[in-house]
Amino acid sequence: MSKKIISLVLLVSLQLASGAFAQIKPNSYAVSSAHELATEAGLSIMAQGGNAYDAAVAVSAALAVVEPASSGIGGGGFWLLQSHDDSLSVMIDGREVAPGAAHRDMYLDEEGNVNRDLAVNGGLAAGIPGAPAGWVYIAENYGTLPLSVLLAPAIDLAANGFPADEKYVTLLGMREEVMNRWPETAAIFMPQGSVPEVGDLIVQTDLANTLRAIVENGHDGFYKGEVAELLVEGTRAVGGIWTMEDLANYTVKERTPITTTYKGYELITAPPPSSGGIAIAQMLNLIEAYDIDQMSAVERTHLLSEAMRRAYRDRALYLGDTDFVDVPIDLLLSKDYAAGMRTNLRLDKATPSSMLADDPDIWPEGNNTTHFSLIDAEGNMVSATLTVNLAYGAAYVPPGTGVLLNNEMDDFSAKPGAPNAFGLVGFEANAIEPYKRMLSSMSPTIVRSPERVAVIGTPGGSRIITMVFLGLLDFIDGHGPDSWVSVPRFHHQYLPDQIFIEPDSMSAEDVAALEALGHTVEEGSRTWGNMHGVMWDLETNQMEAAHDPRWSSGGAEVVPVKR
Ligand code: GLY
């Protein structure tokens, strides 16, 4: 980061920390997550005196049980922790890592083509999980309550069951065929032998026992001993390459968040191995030279799409795990670089992505992962995005563990320029290497001014970044979380060279006007994302929480506190 930007960020932070923001204490606490039972878990922890970080552990573990399609104990995630007084600002990186025996060509067949089945289904698709390490690390370093309390709601939900909801059923329908390859796994999620009805009870006895092992032995309860042995044995039985050493060596990392400023707001967001924070900062830097408030809907969509195109180009070319590759973060975040990006941007014409690089033939997909936002009664905040990658991850549970494996290895670039399941391309920076973290789009974010704070994020694969971008612009436009989570979504990811729009989200005239500028507009058959946001208005000292209306199972609640 240039000295000028560092000073500006510090100045804004100091002003916020020393001004009205630091003085006020909320008169409530709030949680918004993808499942009302996980939201309840977080609220119950805060009702027992736990802080936001305690609540984040409870919500994460509960989501692992009741929303297995999206995140879980066999997956990973990023938890952005921000204290009210700025004494804490850190992202806990519980991203999965490649196993020690992984190598860059492990998914290529004899002709050099990517074997998509190996990359997303079964043992070889799974990275070494980071979620349980993240829970334990947060509890031990930032929480105040023991794991026996924090994991109690999740253990109860796993042992006694929870009713399948619409999302569980819909996404399982998409993975049923693969899951049926492994009858013991299918028996957990489809106890009656087929995709359950909404309301059917799902009991996960082995998962409850694995959670109990974590209560008893902390990090080692998962990464060493009996659970680890079953994980390695079960993964290797279906083509995996995990070893006991891989599990024993797993550690979370503390990362310094990406910060930037936009129109008087400070943004605190996810650093690598997420691509999200850098891409969001780049897009904001690029658009800040324009008066977007004066633009028509078409002009604004065009400009934002051009910003998205350029940020995703840089994502493909430069971003990867900074423990393994040099990422030019300071350069990418600089306002001068954004000025350079604007030089080939025209307001009257789309820039073909082929003018920026090659254009492989790809197809995007993805509507999974999970996000929750919460603020406690001290004003501590957590924005967390967690994942097993595609719906129900690798669709395989090593017998006896209850641990549904992720298929996060597909977030690596299996072959330079070849698309992954989200249609994202990548090159050397995101090539597979042993113990490297695969590049992510997860973008847990906090945006604040002296008057208002937003905790925001969403699942949605490659589209996470643009959803958070649109959501935070809506917040900066003055709206509350009900509005951010509902805004119609559009998305450009450089390749394929198209603006994707949600069904019925744009008039035919506006589509025609964008096409006249040179864009290809692709209307999807389904909506995407599942955004969860909490806002704290410092002027009124009120909180608001909202869950995405696109799915019915979300839970968003504000609880008043007496002082
Ligand atoms: N697995 C989705 C992501 O991390 O971006």
- Task: State which residue is least open to solvent (accessible area, probe 1.4 Å) when the search covers only region 356-388 and only residues that are at pLDDT 95 or above and of a type in the set (D, E, K, R).
- Result: Asp376
- Note on the structure: Over region 102-130, the set of residues over 21 Å from Gly426 (Cβ atoms) and open to solvent by 30 Å² or more (accessible area, probe 1.4 Å) is Glu110
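Condition check ((1) within 23 Å of the chain's Cα centre (by Cα); (2) without any contact (Cβ under 8 Å) to a residue 24 or more places away in the chain; (3) closer than 19 Å to Pro444 by Cα) across all residues:
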{"position": "Ser525", "(1), (2), (3)": "yes, yes, no"}
{"position": "Asp537", "(1), (2), (3)": "no, no, no"}
{"position": "Thr540", "(1), (2), (3)": "no, yes, no"}
{"position": "Asp548", "(1), (2), (3)": "yes, no, yes"}
- Of all strands (runs of 3 or more DSSP E) completely enclosed by region 478-563, which ones contain at least 3 residues that are touching a helix residue (DSSP H, G or I) at 6+ places or on another chain (Cβ under 8 Å) and buried (at least 16 other Cβ atoms within 10 Å of the Cβ)? 499-501, 532-537, 542-547, 555-560
- Note on the structure: Screening Gly400, Gly393, Gly423 for residues that are more than 9 Å from the ligand (Cβ to nearest atom), at pLDDT 95 or above and out of contact with any helix residue (DSSP H, G or I) (no Cβ under 6 Å at 6 or more places or on another chain) leaves only Gly393
- Message: Please verify whether Ala311 is surrounded by fewer than 16 Cβ atoms within 10 Å (Cβ to Cβ), touching a helix residue (DSSP H, G or I) at 6+ places or on another chain (Cβ under 9 Å) and among the hydrophobic types (A, V, I, L, M, F, W, C), treating the condition exactly as stated.
- Response: no
- Query: Can we say Trp79 is touching a residue at least 60 places away in the same chain (Cβ under 8 Å), of a type outside the set (Ser, Thr, Tyr) and either in a helix (DSSP H, G or I) or open to solvent by 40 Å² or more (accessible area, probe 1.4 Å) (or both)?
  - Reply: no
- Note on the structure: Counting only residues in region 442-461 that are surrounded by 24 or more Cβ atoms within 10 Å (Cβ to Cβ) and of a type in the set (S, T, N, Q), the one farthest from the ligand (Cβ to nearest atom) is identified as Thr445
- Query: Given (1) within 16 Å of the ligand (Cβ to nearest atom); (2) under 18 Å from Ile241 (Cα atoms), where does Asn115 come up short, assuming only one miss?
  - Reply: (1)
- Item | Filter result for Arg95 (of a type in the set (Lys, Arg) and modelled with pLDDT of 95 or more) | yes
- Only residues that are within 16 Å of the ligand (Cβ to nearest atom) and either closer than 22 Å to Pro132 by Cβ or assigned to a strand (DSSP E or B) (or both): list them for region 426-438, please. Lys436, Arg437, Met438
- Message: Just to be sure I understand, how many residues within region 84-134 are of a type in the set (A, V, I, L, M, F, W, C), within 28 Å of Asn217 (Cα to Cα) and part of a loop (DSSP other than H, G, I, E, B)?
- Response: 4
- For region 406-441, which residues satisfy the criterion of being surrounded by fewer than 24 Cβ atoms within 10 Å (Cβ to Cβ) and without any contact (Cβ under 8 Å) to a residue 40 or more places away in the chain? Pro416
- For region 462-470, state whether one or more residues are within 16 Å of the ligand (Cβ to nearest atom) and within 30 Å of Asp206 (Cβ to Cβ). no
- Unmet requirement for Leu151, which otherwise passes all of (1) more than 23 Å from Glu229 (Cα to Cα); (2) more than 16 Å from the ligand (Cβ to nearest atom): (1)
- Residues that are within 30 Å of Leu345 (Cβ to Cβ) and among the hydroxyl-bearing types (Ser, Thr, Tyr), drawn from region 510-563: Thr520, Thr527
- Item | Of the criteria (1) surrounded by fewer than 19 Cβ atoms within 10 Å (Cβ to Cβ); (2) under 20 Å from Leu147 (Cα atoms), which one Thr210 fails | (1)
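The values are calculated or read from the model by the stated rules, or taken from the named source; none is laboratory data. Predicted model only: the values in this text are computed from it and were never measured. Heads up, the Cβs are rebuilt from the backbone with ideal geometry, glycines too, and the neighbour counts pull from every protein chain shown. The area values use the complete protein model at the heavy-atom level, side chains included, leaving out ligands, DNA and RNA. Shrake-Rupley method; radii C 1.70, N 1.55, O 1.52, S 1.80 Å.
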